[in-house]
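Novice: Structure below; questions to follow.
The values are calculated or read from the model by the stated rules, or taken from the named source; none is laboratory data. Owing to the predicted nature of the structure, the values given are computational and were not obtained by experimental measurement. Cβ placement follows ideal geometry from the backbone for every residue including glycine, while neighbour counts extend to all protein chains displayed. Protein only, heavy atoms only, side chains kept; ligands, DNA and RNA dropped before computing areas. Shrake-Rupley method; radii C 1.70, N 1.55, O 1.52, S 1.80 Å.
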Amino acid sequence: MRVTKDLVAASATPIVLGILVEGESYGYAILRRISDLSGGELNWTEGFLYPLLHRLEKLGHVEATWQTVPGERRRKYYHITEQGRAELAEQRRQWQTVVEALKQVWPGAGTFPLEGLA
Amino acid sequence: MTVTNGQDELEALFAQWREHVRRRPELSSSDADELEDHLRNSVDELTGVGLRPDEAFLIAVKRMGGLDDLSREFAREHSERLWKQLMFTGEAEDGAKAGRSRRDLIAMVACAAGAAISIKVPGWFGQSFDDDGNFYTTNLALFALPWLAAFLVWRRRPGPVVAGGLAALFALGAVGANIFPVDEDSQSINLIATHLPLALWLVVGVAYISDDVRSARRRMDFIRFSGEWFIYLVLIGLGGGVLIVFLTGTFKAIGLDSGDFISNWLLPCGGMAAIVVAGWLVEAKQGVIENIAPVLTRLFTPLFAVVLLAFLVAVVVNGHGIDVDRDNLVMFDLLLALVLALLLYSISARDPLAPRGTFDVLQLVLVVSALVIDALVLITMAGRIAEYGTTPNKVAAVGENILLLANLAWSAWLVLGFVRRRSTFAAIERWQTNYLPVYAVWLWAVVLILPPVFGFR
């Protein structure tokens, strides 16, 4: 299955912010986490993730710092800001609305993923 | 291959990759660090499952996707980076570079101030613009160009021999401008006033290539530098004009006349300083923005080719020879010099490895028509000299036309060879860069030898 580009673009910000709520992280780890969360279905490229992180940083949703964790390389860590948390909450409300609507429109409502469909 | 060897090899690969990334204007050095960390994580993971370091590297790079795609995505996010960026924006993390550009800025300000003050110094010793035109007419180039050369020398740090040679050449220029008893109406003073600045500009060229005097590449760089410098100077001049308009208008509005300040200070000092500033701008922006002179060349080569061809057709149809009075002579010399400039800049802009195309044919048309026109002018001139005898002006003009004729003739031959795949583009480049000293010799001869030979007429 391939998730369409539009859907990836729309869900990117809440996914990244959601991951950063779990704790600060860096690009490579974020990509791995997304891959794990989606069972390998969401394969973001570096050309997608890093510009997105930089945009979120510019918007003030995340902050980035170069850190050296003992035993590791120097690395750019991102952590979510208060504003980012508020943004995530807002996005969550919007996504919930969408999901609720989809559940009602589609037969076999309430069963996600839609196993009963076929 | 031993394991340590593999690790060294991997580091070399990373270094190479990094250098590649840094050439992308879309990616800052912080981005490069971040992506490198990403790449290293990928490599670590792949070696962790048993791949050899070089294999892991290849796969990791491949997974990251082409740098083109990556850069495009970054460019979309950071479009401002493509517009940057002259000099005050040395990236914070790029300490060495920022320091360098700050020191350059200080050196430039010092040299520009030196040039601005230089032109006022003779005034303190009783020379003024009004009473004796001669002094400023012949010396003008000597106020600013040594400072521009000084700035370039400061950047290039040549050995004492080259630096001493430069100083000696400028001193020679000062001698040439001032020892001859030429009066205001003589042809000699005009020759000195027009040829000395060009001769001194080539001295600036020596300063420009002073870190590698023998290199043909560096000479070509100087030709590029000259075009860009000229364009910046024109732009600064336009800005200066706007400044003067507002200065005059606003001060007039409060009842003050700024005319004296403008003509005694702003114009002379600003003009001299602009010559240095323009040089610094070219140095500071190298590689950041695409050069503009070659772009203009692309636009004007076809247009000039058409004009020259039309002129030749008109000469043939009309049956009327070229009338070379003094004004026309200057115009034809300028025209031929312009054609040469178009040729030079299109050479400087051309990728030597690019395939031959229509543009190269156009260039051939341009050069050949210029060559024919030059020959026509020379024939007419020879006739006039036979009829009326020589003057310094005519000798200078004939000399210049012969120099141009020789250059254009051989250029035409080389361009033809290039278009017909008989010779390489490098040959054209080499011919032009090797020809530069010929101009220098001639220009200095006009300044130093012609006036005494003609008894300062």
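Here is a yes/no grid of residues against (1) on the phi > 0 side of the Ramachandran plot; (2) surrounded by 19 or more Cβ atoms within 10 Å (Cβ to Cβ); (3) in contact with a Lys or Arg (Cβ under 6 Å, 6 or more places away or on another chain):
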site	(1), (2), (3)
B:Gly173	no, yes, no
B:Ser186	no, yes, yes
B:Leu191	no, yes, no
B:Thr194	no, no, no
B:Val206	no, yes, no
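Novice: In this structure, is A:Ala101 exposed (fewer than 13 other Cβ atoms within 10 Å of the Cβ), within 14 Å of chain B (Cβ to nearest Cβ) and small (Gly, Ala, Ser)? So that I can check it myself, show each step before the final result.
Specialist: On the way: exposed (fewer than 13 other Cβ atoms within 10 Å of the Cβ): yes; within 14 Å of chain B (Cβ to nearest Cβ): no; small (Gly, Ala, Ser): yes.
Answer is no for this residue.
Novice: Being under 25 Å from B:Arg72 (Cα atoms), in a strand (DSSP E or B), within 13 Å of another protein chain (Cβ to nearest Cβ) and open to solvent by less than 70 Å² (accessible area, probe 1.4 Å) is the filter here; which residues of segment A:38-78 pass it?
Specialist: Of everything in segment A:38-78, those that are under 25 Å from B:Arg72 (Cα atoms), in a strand (DSSP E or B), within 13 Å of another protein chain (Cβ to nearest Cβ) and open to solvent by less than 70 Å² (accessible area, probe 1.4 Å) turn out to be A:Ala64, A:Thr65, A:Arg75, A:Lys76, A:Tyr77, A:Tyr78.
Novice: So, one more: Please go through segment A:17-33 and give me each residue that is crowded, with 17+ Cβ neighbours inside 10 Å, among the β-branched types (Val, Ile, Thr) and away from every other protein chain (no Cβ under 14 Å), ordered by number.
Specialist: Correct list: A:Ile19 only.
Novice: Quick check: is even one residue across segment B:125-142 of a type in the set (Gly, Ala, Ser), open to solvent by 30 Å² or more (accessible area, probe 1.4 Å), in contact (Cβ under 8 Å) with a residue 12 or more places away in the chain and assigned to a helix (DSSP H, G or I)? Break it down stepwise before answering.
Specialist: Kept after step one, since they are of a type in the set (Gly, Ala, Ser), are these residues of segment B:125-142: B:126, B:128, B:133, B:141.
When the remaining residues are screened for being open to solvent by 30 Å² or more (accessible area, probe 1.4 Å), the result is B:126, B:128.
Then drop every residue that is not in contact (Cβ under 8 Å) with a residue 12 or more places away in the chain, which leaves none.
No, segment B:125-142 contains no residue that is of a type in the set (Gly, Ala, Ser), open to solvent by 30 Å² or more (accessible area, probe 1.4 Å), in contact (Cβ under 8 Å) with a residue 12 or more places away in the chain and assigned to a helix (DSSP H, G or I).
Novice: So, B:Glu73, is that one under 17 Å from B:Pro25 (Cα atoms) and modelled with pLDDT of 80 or more or not?
Specialist: yes
Novice: Any idea which residue in segment A:79-89 is farthest from the other protein chains (Cβ to nearest Cβ), counting only those that are part of a helix (DSSP H, G or I) and open to solvent by less than 70 Å² (accessible area, probe 1.4 Å)? Let's see the steps before the verdict.
Specialist: Start the filter on segment A:79-89 by keeping residues that are part of a helix (DSSP H, G or I), which leaves A:82-89.
Now restrict to residues that are open to solvent by less than 70 Å² (accessible area, probe 1.4 Å): A:84, A:86-89.
Numbers: A:Gly84: 17, A:Ala86: 23, A:Glu87: 18, A:Leu88: 20, A:Ala89: 25 Å.
Looking at residues that are part of a helix (DSSP H, G or I) and open to solvent by less than 70 Å² (accessible area, probe 1.4 Å), I get A:Ala89.
Novice: Something else: Considering B:Ala409, B:Ala386, which residue is free of Cβ contacts under 8 Å to residues at least 40 places away in the same chain and closer than 19 Å to B:Tyr345 by Cα?
Specialist: Numbers: B:Ala386 fails: closer than 19 Å to B:Tyr345 by Cα.
Matching residue, one of B:Ala409, B:Ala386: B:Ala409.
Novice: I would also like to ask the following. Which of the residues belonging to segment B:45-78 are in a loop (DSSP other than H, G, I, E, B) and open to solvent by 70 Å² or more (accessible area, probe 1.4 Å)? Show your work before the answer.
Specialist: The first filter runs over segment B:45-78 and keeps only residues in a loop (DSSP other than H, G, I, E, B), leaving B:49-52, B:65-66, B:78.
Matches in segment B:45-78: B:Val49, B:Arg52.
Novice: Go over the candidates B:Leu443, B:Leu414 one by one and state the one that is without any contact (Cβ under 8 Å) to a residue 24 or more places away in the chain and open to solvent by less than 30 Å² (accessible area, probe 1.4 Å).
Specialist: On the way: B:Leu443 fails: without any contact (Cβ under 8 Å) to a residue 24 or more places away in the chain.
Only one candidate passes the filter, namely B:Leu414.
Novice: Can you pull out the residues in segment B:31-44 that are under 18 Å from A:Tyr50 (Cα atoms), open to solvent by less than 20 Å² (accessible area, probe 1.4 Å) and in contact (Cβ under 8 Å) with a residue 24 or more places away in the chain?
Specialist: Listed by number, the residues that qualify are B:Asp31, B:Leu35, B:His38, B:Leu39.
Okay, residues lined up against (1) open to solvent by less than 20 Å² (accessible area, probe 1.4 Å); (2) without any contact (Cβ under 8 Å) to a residue 12 or more places away in the chain; (3) assigned to a helix (DSSP H, G or I):
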{"residue": "B:Trp147", "(1), (2), (3)": "no, no, yes"}
{"residue": "B:Gly164", "(1), (2), (3)": "no, yes, yes"}
{"residue": "B:Asp211", "(1), (2), (3)": "no, no, no"}
{"residue": "B:Asp221", "(1), (2), (3)": "no, no, yes"}
{"residue": "B:Gly239", "(1), (2), (3)": "no, yes, yes"}
{"residue": "B:Phe251", "(1), (2), (3)": "no, yes, yes"}
